[in-house]
């Protein structure tokens, strides 16, 4: 059921992060729509010594947090106020192909001054995000990224009883200290791990200090919305923080996070904990780089703890189709670096294709030129993908429209066993086996979410029919 304006305002006032994280706000509703959202130029205050002309959903960063209900239809009117085409892709959502936001493959690009109505029913509760799939390096790099939260039913929310629910957008910015844009991509770095930004932020803030209620049950939703950078989340040893969801999918049994958790671009992680009961307690969240932990952001407790005993709940499981492992068809995908040869276009300008999937670089597409799919799948059939990374760099491999079950790796133990995800992080020379049911018809993008890798070859699509 769509939110009425009154219902929307009332629910907004109950969201604790609206006061905890002043840089995050909510989009405005309009009659007939749950949200009206724009993509438009924005002034960003990220650099320490100057503002920046960037992009923003509703002209701001962070973008409005969009919230939907599991199993209830949502309607979003999206207006493009940029001077170039764009779309919205709803990352991780299993929705119809017409709503997937890939230009030419699933919808026409939305031209400047035009609008598009996205209407779908989210089947899964969890942490997702939204971003364009046009001119991705620049549009995402300049700020067009946002959190999309699908809430559990009202009855389930009451059972879960989180006191605070805090989305955390992790993003590095390609800016100097004066606010000038630096190159989003360089050939040298595109052929490696990608070109990192210089300014690290949480919800657009550098190393913020955030308040949480003493003794409260807190849900942190980490979203890596960066073009390139991988984060390794480190929680304090004295805090019993538990992983409750991975990439928008609940885990069967919450487990303690004792080791750094690696998140490639596009990946999400939900962590729950009970805040210390005393006021003024400091919780330092860190980011592991190499062998060292660096300050990321800080939580500080405030107020008096509630008397009610808190427990960390288990989220209700998503209803993911169970693949028939025994009879599943196996398909191999090799993600590879193709060398230093630079093909040239008709004007003899370099066209860098550094990466290939099964020896094939992404050709690009237009309205009248859709390349062949990497593979055609039969609707309703079970498949096992062997995802093989034969490079020395990490690749977060993302499939649109479906959810994988992760089976095994040749490099590490899979924990939790058989968890669900839409984005698998492949390490150096790692092969990961995933299974799924091809239950969503359409032509689905399939790519590395390091945007430079995607733009220099590491992309294709699968067709389910």
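The values are calculated or read from the model by the stated rules, or taken from the named source; none is laboratory data. Since the model is a prediction, treat every value here as computed from it, not as a measurement. Cβ coordinates were reconstructed from backbone atoms using ideal geometry, including for glycine residues, and neighbour counts include every protein chain displayed.
Structure above, values below:
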| quantity | calculated |
| --- | --- |
| Breaking point among (1) touching a strand residue (DSSP E or B) at 6+ places or on another chain (Cβ under 9 Å); (2) surrounded by fewer than 15 Cβ atoms within 10 Å (Cβ to Cβ), for residue 186 | (1) |
| Enumeration of residues in region 51-69 that are surrounded by fewer than 18 Cβ atoms within 10 Å (Cβ to Cβ) and at negative phi | 51, 53 |
| Candidate set from region 177-190 (those that are under 23 Å from the mean Cα position of the chain (by Cα) and part of a loop (DSSP other than H, G, I, E, B)); member that is farthest from residue 55 (Cα to Cα) | 185 |
| Residue that is surrounded by the most Cβ atoms within 10 Å (Cβ to Cβ), among those in region 411-428 that are within 29 Å of residue 195 (Cβ to Cβ) and free of Cβ contacts under 8 Å to residues at least 60 places away in the same chain | 424 |
| Residue in region 399-414 that is under 22 Å from the mean Cα position of the chain (by Cα), modelled with pLDDT under 95 and closer than 23 Å to residue 261 by Cα present | yes |
| Hey, residue 167 modelled with pLDDT of 95 or more, over 30 Å from residue 363 (Cα atoms), outside any strand (DSSP E or B) and touching a strand residue (DSSP E or B) at 6+ places or on another chain (Cβ under 8 Å) or not | no |
| Residue that is surrounded by the most Cβ atoms within 10 Å (Cβ to Cβ) [pool: residues in region 388-398 that are under 20 Å from the mean Cα position of the chain (by Cα) and either assigned to a strand (DSSP E or B) or in the same structural domain as residue 247 (by TED's automatic domain parsing) (or both)] | 397 |
